[in-house]
Structures are given as structure tokens and as C-alpha cells.
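The values are calculated or read from the model by the stated rules, or taken from the named source; none is laboratory data. Since this is a predicted model, take the numbers as computed values, not measurements. No Cβ is skipped: glycine too gets one built from the backbone with ideal geometry, and neighbour counts run over all protein chains shown.
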Amino acid sequence: MERPPQEDFSLKETNPLLGGGKFTGDKLTSTYDLVEQMEYLYVRVVKAKDLPGKDVTGSCDPYVEVKLGNYKGTTRHFEKKSNPEWNQVFAFSKERLQASVVEVTVKDKDVVKDDFMGRVQFDLNVIPKRVPPDSPLAPQWFRLEDRKGDKVKGEVMLAVWMGTQADEAFPEAWLSDGVAIGGVDSLSSIRSKVYPSPKLWYLRVNVIEAQDLQPSDKSRFPEVYVKAILGSEGLTTQVSTSRSINPTWNEDLMFVAVEPFEAPLILSVEDRVAPNKTEILGRCAIPLKNVDKRVDNKPVNTRWYNLEKLLVEGEKKEGKFNSKIHARISLDGGYHVLDESTHYSSDLKPTAKQLWKSSIGILELGILNAQGLSPMKTVDGQATTDAYCVAKYGLKWVRTRTIINSLSPKWNEQYTWEVYDPCTVLTIGVFDNGNLPGGDGKESRIGKVRIRLSTLETDRVYTHSYPLLVLQPSGVKKMGEIHLAVRFTCLSLINMMHMYSLPLLPKMHYHLPLTVLQLNKLRHQATDIVCAKLSRAEPPLKNEVVGYMLDLGAQVWSMRKSKANFFRIMAALSGLIAVGKWLDQICKWKNPITTVLIHILFLILVLYPELILPTIFLYLFLIGVWYYRWRPRHPPHMDTRLSCADNAHPDELDEEFDSFPTSSASDIVKMRYDRLRTIAGRIQTVVGDMATQGERLQSLLNWRDPRATALFVTFCFVAAIALYVTPFQVVALLAGFYVLRHPRFRKKVPSVPLNYFRRLPSKADCML
């Protein structure tokens, strides 16, 4: 199988005209914005009055048609109204202007043929230009004319001006470059939108005990457990070891809850009377709005909840029912609810807003255009694509407008996010709109890009063309290129440097840690909730879009990923292997001069051991300074060679795209195959984590994160001087006492060096 050349997958730096100014590398000659200016002709249709009656009843059903060349947009129509108000805006791209006159026609809606009521024409050469922050252009009344130019009854209020996509009317306008010639009925599905991410909480249910249960069969010891249900998720405790009517558990059950809290928490106490039969001994529903919210590690108060007996249809309530359940229930807002991969999350803040720290910077993204997109559908025998972009960072998702029938769409839309942590990742995905003619209702993925903020220099504008890569059963395929402009502006350099000393996650993750199994389940719950919420927006972000942006299914076993992670480990260990080979060459006198110098250095360090640590740190300092010349000049991108996607065997790809569970015919093979994939998926994750640690070690000196490397190099220099003037015995004694210090002097949160290390970038965010 032929593979495209590797250079097709490379990142390309560009020099676009941003904000109307020439891009010169780090600065713009105009600080207008991060996108290319696109000029539009705007027509605001406000209202009409004194329209003549066209029907037999003397009334009219008016609407307005705005026409420029072959492009035609229409307002909604009103029934039997001679003074209608529309207040709709139409925007015609200057690049696609096909006439020198824009025509605004008022028509009467009819069953057979719409009646002409009058029109107003404007010559494009005399239309005024508006540049924000100018005030909006005031609309004026215009008398309608017939086709001969004579005045007729009726007036229409209009405003016509030339502007750019920075105009406040742009987001809600009908766009000639966003719809096909002749118009599209459902404009809401193609407009740009901003979506707030749903606010998620961890719901912790600590089931302690129950009291005065009433099993139907009192001749046996009950096998009681508690089932907790929140929405579609259900969890159960273990069967109580105290088999009595007052059982105890003291187990934690964790859920993900979303605001506003609609579904109640349902606790059900059940008795396992037979292997496949249970009896409900009592149930209670707890509204989440009544649950205490916790922002620190202090436990909330426990409560007794009255259970209600579940009656069979026709059964009457007999006597008192005093069964109760004792539980501690809290909404834990001190956590960060993980709805993404922990290796490249876009948000590390706790849920509770009162725990948020001040922002450290601003992230600006300009989505310029795309080139050479692959056709995703066929309309009237012609292959085409209706492309739009989705960007996700922090608590905000954004969606650009859909450009109809174009393999080289131009969006030129700009978005801004507040940054609270530089060690986060911005994700941009490109999709084909499946709700338009020729689509199957599903959004087809075209590719995505990830950009880690810590790899960007502050206040520098990065303009690159990123390849859009998608892995298919036939291999990796380039679906086109997307042109982006990114700028990370730092508000306080001191605060940003201080972030490298703080824990990566909120404190509650360390005070009340969750198990790996809990985190995996909660991450899936969070992802399902985000998919459900965004799919109900207008226009919806469908499940396939949100899942692709959040890397849903990234933990599934893949031979290709396992090989890629193995090669990452080998690359991370290549430094140690190189040192071993170098020492072997020294011992074998391959270079006599170097060997003699090493002998002299060895004698000096043996005679003066206090020079060992200063020499090591000074050597690391010099290496870091030396490598500064080869620091990365471009942000990272999808690497097909690192992902082993460019030379994957067809059988490996067939296995990767196989359904889960497998579609194998044999039951025994299916069972073994699924078990193998499950185990191998865990091993794959562990191998990837090991590779991540090695790559973080490498990033100390390779300037991938300029600020982190600057901190480390500075530390090495200071440490070299401090250790030079400090006796080695004192350093060794202090280090030993520190390692062996009493637990009273230890903190549960990670130390500053560990926090710094965990914030270092790895190549996990470059994996395809």
C-alpha cells in the first residue's frame, strides 16, 4: 500500500494579513484582531408601513426579498399585516458580489405566485462604510417604487452599509458565503454559536447504616445492600456483613451531577432473597438542591432519611413503617470533574467558583480558513463539503458558521478565553455538517488540532497551517489543512511562574483521593453528560462531535498505540543508552584525549567530593543554555510517525477499527479476544504513562515549555553556586534528614518539585 510522503503531514508557518495589517512575525502592524478582514454588504430590514392590500379582503401577507446577483435572502412573512416588523439582517460577502446594485423588494405571499408590491435599489458605489467602534448606522424610511421607477404606496425602513465580520450584526445575519445560492431554510443549523460547558459536580454518597428494616421473610438472615440511582446511573454497595435488620456498610458511592439539579438521588435498600431475586425493603428520593455542597476536605453532617415502603398494586399500607437509612451525602465542589484525558485537559479548576484563582492570561484564537478539504458528500452529482469548526477550551465551546459547498472555506472568526493554567490544551476540530442537503444526519469528522498553551511564547502571534489527519481502516489520511492564528497573552508573569509550583489538580483530589477505577467510571459519566447537554443546544453539538473532541474511546486497545508508546519509551531512554555507549567508549580508549580528561575530572571529584553536585548542575545549566538555540519554533501538532500511523499494518488497523466487543463468530474466541483487549488496554495506558514521565524529563532542557525550562536552568545555576559554597557533608546531612522527616512535617498535597514536574509537557498531546 502506497503511503503519502511524510512532508505532507508537516506544519507550515504562514504570513497572512491579520486585522488588515501585515504580519511581521511577533507583531502586527494593526492590533485589530487575529483574523483577516472580510468585507460584507449589510442590509438591515427593520419594518414597513402603509403597504397596499393585494388580497380580495384588502389585506396582504408581506415579506421582503433582498437580492444581489444570484444571491437572494428572504425575511419571514406576516399574515394580514400592512405594518410588519422584521428586524432581520442580510450580509453579502464582498468577494462574491455579482452585481453593482442591491435590490430590496417587498412581496405579498400567495399560494400560486407572490405579488410584487414595490422595491428599493441601492448603488454599491454610494453605500457608506462603517468601522467599529462607530455607532450602528441609523435606518431610514424609503418610499417603494415599481419596476419603472415610479413611486407607489408603502414605505420600508432600511439600513445599508459596508462593514466587516467584526460588526455586531454579523453573528445573527443571513450570510451569502454561508448559504447556497437560492438560500437555505434552516439558518440556525449553520450559524456560529458559543456553548457554555455544563457545570459538573461529584456527588459523594457515603452509605453508613440502616435501621429497623422489615423483611418479608423473618425466618432468615437478610442479605441487604443499598442501590443508589442518579438519572441513568446506578451503583450498589456490597452486601452488609452484619446480617440483621440494622445492617452497616460505610461505603462511598460516587456520581457526576450536573446543574441545574433535576433528577433526585434515589436510595433503595434491597434484600437478596435468591440468586436472581431481590426484595425492596424501602426507598427514598433525595432532591440534590437539599444536599450540602463541600469545597474543602471537612466532612458534612450525616443525616437519617426515612424510607418508604414500595407497595404492590392493590396492597394497602399496614401499620407504621419506621425504617431509616443513615448516610452522608455531599456535592463535592473542591474537585475538578475530569471529562477529558488527564494528560491534556483544557481545564484544571475546581467546580466551586469560590475556589477559582485569578486568571493569568488570555488565549485568543483566530480560525482563518481551510485548504484542500476532502469531499464528504455528493450533492447533484458533485462532491462537496459543508465545513465548520468546533473549538474547546476551559468552560467554553465555540462553533463557527458552516460554509456551504466549499473545499476551501474561509471563516475568519475570532474567539477569546480566560486562562487559569498554562499547562492546558486547546482543541480545534473540523466537521462536515450532516444536516444539509446530501448529508445523512451525522457529522463527519475531518480532523482536529491540539495546541498546548505552555509551549507558546507569550504575546507572540503564531500563524500556521495545520494538517488535518484522520486514521481510517485503510491508514492515516490527510483530509486537508486548517489555517489558525493563536496568541497567548500573559497578564502576570509572576503569577504564571508561580503556577508551576502548585498542584496540578485541586487540593481535594489529594486530601480525598479517588481510585483509578472510580476516575475511569466518573470520566465516562461526565463525558456522557456533556454529550447529552450539548446535543440539546441549538444548533446542537452532536454526540459524535463532542466524543471526538473529548477523545472518547481513547482507552480502547490498539496494537498501533501500544507500539507507539513502546517507541516513546525507547526514545525517552535513548539519553541513558547514549551515556552508556559514551562511557563504554571512554573505557575502551576510543578517544584517548577525552579519556585522559575524564580521568583528570574523576581524580578531582574523588579528591574534592564537594564539587560533584555543583559540577552536575553546572553541566545541566550549560546544556540547557546550549540547547536554547535549537528550541522549538513552532507549536506541536499531530505526529503520524510518533503515532505509528504512517506505517501501521493493515491487520493492525483492522483490529483497531473492529467493533468492541469483537464481531468474531466464535463465542470462545470472542471472550478471549475481548479479555485480551481489556488487559492490553490497561497495559497500554501504563506504558503511555511511563513514556510521559520520560518525556517530561527530556522537556526540562529542550525548551518545549520555555518558562519551565527557564525556571529549571535558573535553578541549576543557583544550585551550582549554592552547593559550591556549602560543604557536601552539610548538604548530605540535610537531605537525609529531609527524606527521613517525621510524618507530622509532611503534607498530603504534592511537593513543589513534584508539582513542577507534573506540569511539564509530554508528547501525549501530539498523539493521533
> When only residues in the stretch 413-458 that are in a helix (DSSP H, G or I) and out of contact with any strand residue (DSSP E or B) (no Cβ under 6 Å at 6 or more places or on another chain) count, which is surrounded by the most Cβ atoms within 10 Å (Cβ to Cβ)?
Replying inline: THR455
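Table: residues versus (1) assigned by TED's automatic domain parsing to the domain that holds SER176; (2) hydroxyl-bearing (Ser, Thr, Tyr); (3) under 16 Å from LYS478 (Cα atoms); (4) in contact with a strand residue (DSSP E or B) (Cβ under 9 Å, 6 or more places away or on another chain).
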site: VAL379; (1), (2), (3), (4): no, no, no, no
site: THR384; (1), (2), (3), (4): no, yes, no, yes
site: VAL398; (1), (2), (3), (4): no, no, no, yes
site: THR402; (1), (2), (3), (4): no, yes, no, yes
site: SER406; (1), (2), (3), (4): no, yes, no, yes
>> Could you list, ordered by first residue, the pairs with Cβ atoms under 9 Å in which the first is in the stretch 436-459 and closer than 26 Å to ILE190 by Cβ and the second is among the hydroxyl-bearing types (Ser, Thr, Tyr) and assigned to a loop (DSSP other than H, G, I, E, B), at least 6 apart or interchain?
In response: LEU436/SER186; LEU436/THR402; SER444/THR385; ILE446/SER374; ILE446/THR385; ARG450/TYR344
> Has the stretch 379-387 got any residue that is over 15 Å from PRO196 (Cα atoms), in a loop (DSSP other than H, G, I, E, B) and aliphatic (A, V, I, L, M)?
Replying inline: no
>> Considering only the stretch 594-601, I want to know if a residue exists there that is within 30 Å of GLN525 (Cβ to Cβ), modelled with pLDDT of 80 or more and not assigned by TED's automatic domain parsing to the domain that holds VAL476.
In response: no
> Which of the following residues is within 30 Å of THR75 (Cβ to Cβ) and either in a loop (DSSP other than H, G, I, E, B) or modelled with pLDDT of 90 or more (or both): VAL226, VAL156?
Replying inline: VAL156
> Wholly within the stretch 515-615, which helices (runs of 4 or more DSSP H) include no fewer than the required count, namely at least 2 residues that are on the phi < 0 side of the Ramachandran plot, among the β-branched types (Val, Ile, Thr) and out of contact with any helix residue (DSSP H, G or I) (no Cβ under 8 Å at 6 or more places or on another chain)?
Replying inline: 516-535, 574-587, 592-607
> Looking at the stretch 357-367, which of the residues that are not acidic (Asp, Glu) and not in a loop (DSSP other than H, G, I, E, B) is surrounded by the fewest Cβ atoms within 10 Å (Cβ to Cβ)?
Replying inline: ILE362
> So which residues in the stretch 249-270 are closer than 30 Å to PHE221 by Cα and not aromatic (Phe, Trp, Tyr), if there are any at all?
Replying inline: ASN250, GLU251, ASP252, LEU253, MET254, LEU265, ILE266, LEU267, SER268, VAL269, GLU270
> So GLN238 clears everything in (1) without any contact (Cβ under 8 Å) to a residue 12 or more places away in the chain; (2) in a loop (DSSP other than H, G, I, E, B) except one condition, right? Which one?
Replying inline: (1)
> Could you say whether any residue in the stretch 707-715 is among the charged types (D, E, K, R), under 28 Å from ILE569 (Cβ atoms), at pLDDT below 90 and part of a helix (DSSP H, G or I)?
Replying inline: no
>> Quick test of your reading of the structure: SER244 fulfils all but one of (1) under 26 Å from PRO198 (Cβ atoms); (2) free of Cβ contacts under 8 Å to residues at least 40 places away in the same chain; (3) not charged (D, E, K, R). Name the failing condition by number.
In response: (1)
> Which one is nearest to ARG401 (Cα to Cα) among residues in the stretch 72-114 that are part of a loop (DSSP other than H, G, I, E, B) and of a type in the set (Ser, Thr, Tyr)?
Replying inline: THR75
>> Here is a list: ILE623, ILE604. Which entry is of a type in the set (Val, Ile, Thr) and modelled with pLDDT of 85 or more?
In response: ILE623
>> Quick check on this structure: which one of LYS151, LYS81, LYS109, LYS94 is within 19 Å of LEU41 (Cα to Cα) and not polar (S, T, N, Q)?
In response: LYS94
> Got at least one residue in the stretch 88-102 being among the β-branched types (Val, Ile, Thr), modelled with pLDDT under 85 and assigned by TED's automatic domain parsing to the domain that holds GLY149?
Replying inline: no
>> Cβ-Cβ under 8 Å, sequence separation 6+ or interchain: first residue in the stretch 635-646 and within 12 Å of PHE9 (Cα to Cα), partner surrounded by fewer than 20 Cβ atoms within 10 Å (Cβ to Cβ) and among the β-branched types (Val, Ile, Thr). Which pairs?
In response: none
> Residues of the stretch 732-754 being modelled with pLDDT under 75, outside any helix (DSSP H, G or I) and either at positive phi or loosely packed, with under 10 Cβ neighbours inside 10 Å (or both), which ones?
Replying inline: LEU740, HIS742, ARG746
>> Return the residues of the stretch 469-480 that are crowded, with 20+ Cβ neighbours inside 10 Å and either at positive phi or at pLDDT 95 or above (or both); say none if nothing qualifies.
In response: GLY480
>> Condition first: among the small types (Gly, Ala, Ser) and either touching a residue at least 40 places away in the same chain (Cβ under 8 Å) or surrounded by 15 or more Cβ atoms within 10 Å (Cβ to Cβ) (or both). Can you find one or more residues in the stretch 280-298 that meet it?
In response: yes
>> Quick check on this structure: which one of PHE621, PHE617, PHE567 is closer than 30 Å to ALA710 by Cβ, surrounded by fewer than 17 Cβ atoms within 10 Å (Cβ to Cβ), of a type in the set (A, V, I, L, M, F, W, C) and touching a residue at least 24 places away in the same chain (Cβ under 8 Å)?
In response: PHE567
> Taking into account only those residues within the stretch 90-144 that are among the polar types (S, T, N, Q) and more than 23 Å from GLY19 (Cα to Cα), which is surrounded by the fewest Cβ atoms within 10 Å (Cβ to Cβ)?
Replying inline: ASN125
> HIS498 versus (1) touching a helix residue (DSSP H, G or I) at 6+ places or on another chain (Cβ under 7 Å); (2) within 30 Å of THR458 (Cα to Cα); (3) of a type outside the set (A, V, I, L, M): which is the lone unmet condition?
Replying inline: (1)
>> If I go through the stretch 426-478 residue by residue, how many of them are of a type in the set (Asp, Glu) and more than 30 Å from SER492 (Cα to Cα)?
In response: 3
